[in-house]
Every structure is written in C-alpha cells, then in structure tokens.
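Student: Right, I'll just put the structure down here and ask away after.
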C-alpha cells in the first residue's frame, strides 16, 4: 500500500468526524420536529474551546492535565490502525486488533484518573460506572473480533474488515449479523450514547462520560470533544467493516463510500436516540453481557 | 564465558551465605548492618552470571554429598537462567529498598535478624531454580519456605501477623507434602533430575501433584489463600520479593516437571488454561473488593499468576496438537509475563510500603492526595498501575499481547483449539478491564483528590534508598515495553528447554513483525503526547490560567470526606459479581426524623478460606483431639514414644 493513499482515511477522519455530531443532532431534530443546530456547530464549538484560557482545580495534579492529551494521542494511534475499505489502514500488522482495543483502554484509564484527580464525588461516580461498563464492553468487543478472525482467517483489522463478503462461506451472514449486533451495542456504550448514557442530560447524578469531564474546560475540553468525535468515527468504521466489507480497489471511491456509510450510522444513532429512552443503570450490564453473548454465538457458529 | 558464569554464580552464593552469617552479629544502628549490602551485591552478581549463561550456554556441576540419595548437583540451563535473572535482580533492588525501609521501622536488632533470613531466602531461591537433584531441591524449597516465614513474622508482637504467618506455614507445608510424593514417584534412583522420566498414568498423577503442590506456592486458585494473609503482614521489601519472584518458583517447578514427563497430553494444557483463567478472573475480582492496599496487591498476584498459567496452558495445548506458533506464543508470553510481573509487582509493593510509612495506614479509604506530597512514589506507582493493567506502551501489554496472539492463532485455525483460544481471549479481556478498574481505584483514591485524614495530609516523600529502586523499576516497565521486538533472544534459551526436539524455537515471522508494530506505535504514542503537550502550551501562552475549586454543584462548604471512596467506586462492579464474591455489608440505616447516627460497613472475605479451608481445618482439629490423651506434656512419655518408634523401625528392618 502506498503511503499517500493510506493517509487519506486519517485526513478524512480528522476533517469529517465532528460532522457526525451534526448528523445525529439533525436526525433527532427531525424526529422532535425541531430545526436543529447549524451543521458546522461542532466545529465552531471546538474552535471556540481551543481559543479559551484554562481554570484548573486546586486539587488537581499534572495527571489531570495529561488526561485529555493521552486520550487524544491514543485515539490517533487507533485511527492509524483503522481500515476504511480499499486504502486499508495506515499501519497494519497481525494482531493489531489487540493493540486497537487496548489503546481505547488507555484512553479510558487516562480519563478516569483525570476525573478522580479533582476529588469530586460526581466525577468519582461517573468514573466508577465507566470502568464497570467498559470491562463488559471490552469482552464483547474482543470476542466479536475473534469471531471475525475465525470467519476471515485474518487477525489484523485491515485483513478481517476489508475482505469481500463473497469469500465468507455459508456461515458468513449469520456470523456477521451476530457480530454486527454486538458491535452496535459496543459502539453505543463506548461513545456514551443512549441507551447506556445520554450525552445531553443535565443532571450530574445520572451522567457517565459527561460527568467525568465536568471539571475540564477550554483547550482541554476541546481536545476531549475532538477525541470523542474521532472515537465515534473509528468505532463506526469498524462496525461498518463488519456489516459491509467493500473494496472497489479505487481509494477515492472506497473512502467516499465508507465516509457516507459512517454518516448513515450517525443517522442510525440519531434514530435510536430519538426512539428510545435510557436504560436504568442497573439494567445496562445485562445489555452489555447480551452483546458479549452475541459475539460468543458468532464464534460458536464459526466453529460449527 | 560458561566457566565464568558458574564461577560468578558460586561466588554470589558465597556472598549471600556470608551476608547471612554477618547478619547474626548484633549491631546497634538502625536498618540492620551489612547484611543488606551483601544481599544486594550477591544477588546482583547472580543476575549477571545468569545473563552470561543465557548467551554463553549452560553449565552443570555436582559435588559428592555424605547424605544418602544423590549429590549436591546444580546446573544452569536456559530455563534456570531465565528465572535466576528476575529473582536475583528484584532481590537486589528490594535489598536496597529494605535497608531504607527497615531504618524507619526501628529496632536494629530485629532488622539484623531479618537480614539473616533475607540472605537465606535469596540463596535458597537461587538453589531451587538451579538444583539438579530431588533432595537438594526439596531442602532448598524448605529453606525458602522457612526463611520467608520468618521474614513474614517481622512484627511478631501483632496477633494478625502471627495468624498470617501460621496460615502461610501450614499452606506451604501442605504443598511441600504433595511435592515429596511427586518426587518419590519420579525417582528412578539417586533422585537425579537427569534420570527422572515417566510416561502414561503415573505421569498424569505426577502432573496433577505438581500443579497442586507448586500451585500452592504460586498462588493458583483454590490454593491461594495464604497470599492475601501473608503479603499484608510482611515488611514491604519482603512482600516485593515474595510476590514478585518467590511465587514464580512455583511456575518454575511446574515447567521443570513438564520437562520430565515427555509429550504433554491435551488435558494438561486444558487444566492449566482453565485454572489460569479462574485464578485470573477471581483474583482481580477479589482484588477489586479489598480495602487494604497490600491485600489488594496480593490478590493481583493471584490474578497475574493466573495470566501466566493461562499463557503456559495455551502453549502446552499448542504443543500437544503440534502447533509451533501457538506453543511458542503461549509459552513465550507466559514466560515473559513472569519477568514483567516481577518488575511491576515489586514496584507496586515498594510503593505500598512507602505509602504505609508516610501515611501510617494501608486503608485505601483513609488516604488521598498523596501524589502532591510524594511525587516520586506516586509517579512510579502510576507507571506500575498502568503496566499491570496491561496498557500500551508498557511491559504488561507486551506479554499479554503474545498470549492474546496465541489465542487468536487458535481461533483462526478453526481446529479443536478454537474453544481454548476463545477462553484465553475472553478471560484476558475481562481481566484487563477489571484490572484497569482496580488500579484506577487504587491510584485514584490513594494518590489523587484530597487527603481524607489529618495524618495523611502530613505525609512526606520516602528516603532515597526507597525511591531509587522504584524509579529503576518504573523505568524498566517502560524499557521492556518499548524493547518488545528485541526481547525474544532472552526467551529462546528457556523455550528451547521446554519445547521437544524438532520444534523450531523462533517466533512466527508475523509475530516478530507485530512486536515491531507494537513498539513502533508505542513510540508514536509517546511522541504524540509530547507534541500535544507543546501544542497546548503554545495555545495557552499569554492566556489566563487560573486555579479554582473543584465544581461541587454550587455547594459552598465541601470537605474531603465528601469525596468518592474506594469502596463506593468499586461497589457497582463488586455487586455485579456478588455471586462469586459474596461481599458482606452491614447497614445501620438512619432512623426517625432527626437521625443521630448511621453506619455502613462492608468487607469481602475470601470465599475459599471461609467456605472450604476453615471448616476443613476445624474438622481436622476435632479429629486430632481424639489423640489428645497421648499428649500429656511430660517428657518421659515422649521419650517412650521415640523409643517405641525406633523399636518398630528396627523390627521392620529385621523382618
């Protein structure tokens, strides 16, 4: 793979990922009969945050300031591993899926410590929920990935998500459906979306991700928001690779198609958020374990 | 090179023996005299000799012995050398740390005695992994158990320390009893390792005995109950050595016995894989539920021994199904995790000791805000926490990555090993997530936020002797993570001792590339962090950067006791797994319109201890009380018993 083309998906992700928030917002506005925000609002928000100064808690240590930075650096590394159809990914090696999963774990570790660093009980509460749920999503994700590995005989993200569907064999559709269902739940949970978390709630006691970043402001919050957009983009790309592995061979066409597909997933998220309420916190683990079981079923089908 | 390796090794044994002897001379000063210096020097030399042997080849030497059964036979092959390196290196650093640590514990006399046992402990650990005859092995094994028992009993005036020490003593001897039977089964004359060899049914018995006997020392569930008792009771440098390296002699034992037994059967691999998965998952769950920092770390040792065993189990399954890739990845990952765990766990125990001295407590819920008061201890503890959670680019990730790769290779093969791969992947994923939860709790509540008690807010950084070893170990966590592609030559000699002839001792080509990718991306990650730090500094230049209070929803009088506690942080996860953990909560609800008091107490006892061992030993005590009439406490009765026993033996011999 030539370097210039493989850099294309990374560039597209950098430019287009905040737009996903606009798509979700417009979808929800459509269901709610509202007009919605201007399409470029997320870009304005991030730009405005990057122009601000900073206020740090007296309790906070350097750990607090490293949180957003480590998070963004980790998500950028994960982006380099993410394939988008034809161009593949910028970096690819066998077993990169494991690094991919653990880069998100690193991002979470940094965010949780930054939250605990403020000494706020709200943020402690959010962090506690975050680590509880993520332990379950990680299992669902890695089991789903191993089902895909078994199906495609590849253990790199580019290998398993770029193969044409035709080479799957008879169990392909079943496995892909099961894994895609699991990945969609993982996608919603990891990006703090309804039904697991609500990014637009205004009560600290009910938040998960939002309450963890309560004390971040200005440049730091801008970095967190941007990292969140990239994470949503990356997880959508992986989900899309599972249900719709396309490879035109034409890098431009592939990238455009995948970008459009990711936009479609944003619409889907918007529909989910418009049509259902949040689950009670006590029920969320059941949903996540359910995702894990679907991944496991996928793996069993591969074996059978 | 081989000769010099042997010479240096013997010299190091001599130095350690001299250190032990010197420690017996009472000294007046604190810290305990020169025993610690000789311990550090002797073990450092042993580490060097093992590295020489890893590259220069092994050696083997025996001396005649007047005791029946065998000779003093020691040797250093790839497997021994691989275990000597971490054992000796960690013992050396812990000796430096312990010198500073014991100075603050006062009482030079007692410290001096403890250095006697410390030297003996290192000496016996080195002998255990280098012994080549059964009797020498058992003597060294027993010496190791006894010396560590006396080290645990440092604060013998405390009741809980005595109880912990006795638990350990009983557990380790039950393990040794199994090993004794195992060696008798293996013996083909002279108790020489070179003549050991078994096939068929008795090989299976020996394997099970090895897993149970050595597993007791290693801390595999359900034989782990002594770990969470002994580690909190021992002084911290001793916990660092015991948890970091001594329990690894159990892993060494299992591996060494495997080399006697010929081609492994699939169910051996399955046994190790499942024991490892159960130990890993339950270990981290129990860790999460603990309120005492050293108890938490002790359960993490159970977890990491689980990960190691998981790797070895997949490797052995690979061996028995003839898959070189799975065998090399699984065994290699397990072995590498032995070293990695030695590095970060000893670092974390040293950090715990440093915190205990500064804050005067090990109760996580009493602490807080220690990072600003002890930046070096805090910073190194953070490195250790990230490493033990398996996060890139640190060393814990590399070994877990190899075991994951073994699992994925099994899944991709779609053969009979697919379920094994799935078990490995799922349990490693769960362990990873829960370990992150546990160490964000430990680091976050202890070092971040505000101090929860007056005593803790006056904490100061520890002495240089304690800080320097921690900094070195934290640096090693980083170096071993980024040097992943170049570590394999260190593993190869140990692997070639484990793999039968005809197996190629090399990483599959793709895995070597993957390790380069992991290390490369780790470097990129660090680079990006630096770039972003500069980027933010550039953006914030000339803008207002203020300090203010943490957002408290507008509440005007927040106090440190309102912070989230470690118990509440872990509760949702603990509660989710209450089926296995059986946490106990005693709630005293506020009552009436003007409640005067309310209370909540929670703790999580070890279900295996409470549910199995305590009833078992109560039963044993009842059974033993039937023989109480024999014990009158009068000397002439006992002389009679001895005489009768001797008579019975005489009659038996004459028969």
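Student: I need the calculated FRET efficiency for the pair residue B:587 and residue B:3, taking r as the beta carbon distance and R₀ as 51 Å, to the nearest 0.05.
Tutor: Taking R0 as 51 Å, the efficiency between residue B:587 and residue B:3 is 0.15.
Student: Given a cut-off of 26 Å, what percent of all Cα-Cα pairs of segment B:115-261 lie beyond it? Write down the numbers at each step before the final one.
Tutor: Numbers: 2484 of 10731 pairs.
Result: 23 percent of Cα pairs exceed 26 Å.
Student: What number, rounded to the nearest 500 deg cm²/dmol, is the helix-based mean residue ellipticity at 222 nm of chain B, given -39500 (n - 2.57) per DSSP H run of at least four residues and division by all its residues?
Tutor: -23500 deg cm²/dmol
Student: What average count of beta carbons from other chains do you get within 10 Å of the Cβ of residues in B:539-546?
Tutor: If you average over the peptide's residues, the count of other-chain Cβ atoms is 5.
Student: How far is it, in nm, from the label point at residue B:526 to the one at residue A:14 when both lie 7 Å from their Cα along the line to the Cβ?
Tutor: Reported label-point gap for residue B:526 and residue A:14 is 2.3 nm.
Student: A further question on this structure: For segment B:300-353, with equal point scatterers placed on the C-alpha atoms only and solvent neglected, what are the log10 I(q)/I(0) values from the Debye formula at q = 0.14, 0.16, 0.17 1/Å, to two decimals?
Tutor: -0.40, -0.49, -0.53
Student: Give me the three principal axis extents of the protein assembly as shown from the C-alpha atoms, as integers in angstrom, largest value leading.
Tutor: 104, 70, 54
Student: Under the √(5λ) rule applied to the eigenvalues of the Cα gyration tensor, what semi-axes describe the equivalent ellipsoid of chain B? Give them in Å, descending.
Tutor: On the way: eigenvalues 318, 206, 140 Å².
Each semi-axis is √(5λ); the values are 40, 32, 26 Å.
Student: Nearest 0.05, what FRET efficiency do residue A:283 and residue B:363 give at R0 = 30 Å with Cβ-Cβ as r? Walk me through the numbers before you get to the answer.
Tutor: Numbers: r = 33 Å, r/R0 = 1.11.
The pair residue A:283/residue B:363 has a calculated efficiency of 0.35.
Student: Also, I was wondering about something else. Calculate how many DSSP beta bridges within the protein assembly as shown are antiparallel, expressed in % of all such bridges and rounded to the nearest 5.
Tutor: Taking every DSSP beta bridge with both residues in the protein assembly as shown, the antiparallel ones total about 75 percent.
Student: Right, another one. Using the alpha-carbon atoms, what tilt in degrees (0 to 90, nearest 10) does helix A:62-81 show relative to the longest principal axis of chain A?
Tutor: Between helix and principal axis, roughly 20 degrees.
Student: Just tell me how shielded A:293-304 is by partners: mean number of partner chain Cβ atoms within 10 Å of each residue's Cβ, no decimals.
Tutor: On the way: counts 0, 0, 2, 2, 0, 0, 7, 3, 0, 5, 7, 0.
Counting Cβ atoms of other protein chains within 10 Å of each residue's Cβ and averaging gives 2.
Student: Kindly rank A:256-266, B:445-455 from highest to lowest mean number of other beta carbons found within 10 Å of each residue.
Tutor: Final packing ranking: B:445-455, A:256-266.
Student: If you average the C-alpha positions of segment B:258-285 and of segment B:108-158 separately, how far apart do those two centres end up, in angstrom?
Tutor: 28 Å
Student: With r as the distance between the Cβ atoms of residue B:562 and residue B:533 and R0 = 45 Å, compute the FRET efficiency 1/(1 + (r/R0)^6) and round to 0.05.
Tutor: Details: r = 32 Å, r/R0 = 0.71.
Working from the Cβ atoms, E equals 0.90.
Student: Another question about this same structure. Gain in length, residue B:104 to residue B:627, computed as 0.36 nm per residue apart minus the alpha-carbon separation, to one decimal in nm?
Tutor: Going from the current span to full extension adds 183.6 nm.
Student: Expected output is a single nm value to one decimal: the length gained when fully extending between residue B:654 and residue B:62, i.e. 0.36 nm times separation in residues minus the C-alpha distance. What is it?
Tutor: The residue B:654-residue B:62 span can extend by a further 209.7 nm.
Student: Sort B:417, B:329, A:50 so the one with the fewest other Cβ atoms within 10 Å of its own Cβ comes first.
Tutor: Least to most surrounded, the residues fall as A:50, B:417, B:329.
Student: Taking 0.36 nm per intervening residue step and subtracting the Cα-Cα distance, what contour gain separates residue B:25 from residue B:195 on full extension?
Tutor: Length gained, residue B:25 through residue B:195: 56.9 nm.
Student: Further question: Just grab the label-to-label distance for residue B:619 and residue A:35, each label 7 Å out from Cα along the Cβ direction, in nm (one decimal).
Tutor: According to this spin-label approximation, the distance is 7.8 nm.
Student: Using the alpha-carbon centroid of each, what span in Å lies between segment A:239-282 and segment B:343-399?
Tutor: 41 Å
Student: Across peptide A:47-54, how many C-beta atoms of other chains are within 10 Å of each residue C-beta, on average?
Tutor: Values: counts 0, 0, 0, 3, 2, 4, 7, 8.
Partner Cβ neighbours, averaged per residue: 3.
Student: Given a cut-off of under 8 Å on Cα pairs at least six residues apart, what relative contact order in percent is computed for chain B?
Tutor: Value for chain B: 12 percent.
Student: Can you give me the orientation-averaged projected area of the convex hull built on the Cα atoms of segment B:610-654, in nm²?
Tutor: Here the figure is 4.7 nm², rounded to one decimal.
Student: Enter the Cα centre distance for the pair segment B:543-575 and segment B:71-85, rounded to the nearest angstrom.
Tutor: 53 Å
Student: Here's another thing I want to ask about it. Would you compute, for the Cα atoms of segment A:3-303, the largest minus smallest coordinate along each principal axis and list the three values in descending order, in whole Å?
Tutor: In descending order, the Cα extents are 58, 43, 41 Å.
Student: How far apart, in nanometres, would the label points at residue B:512 and residue B:483 be if each is projected 7 angstrom from Cα along the Cα-to-Cβ direction?
Tutor: Distance between label points: 1.9 nm.
Student: If packing is taken as the average count of other Cβ atoms within 10 Å, what order do B:275-282, B:542-549 fall into, highest mean first?
Tutor: B:275-282, B:542-549
Student: With angles folded into 0 to 90 degrees, how steeply does helix A:172-190 sit against the dominant principal axis of chain A? Use alpha carbons for both and round to 10.
Tutor: 10 degrees
Student: Hey, fewest Cβ within 10 Å first, where do A:35, B:363 land in order?
Tutor: With the fewest neighbours first, A:35, B:363 line up as A:35, B:363.
Taken together, the values in this text are just the output of simple stated rules run on the coordinates, not laboratory data. Computed from a predicted structure; not experimentally measured. Virtual Cβ from ideal backbone geometry, glycine too; neighbours counted across all protein chains shown.
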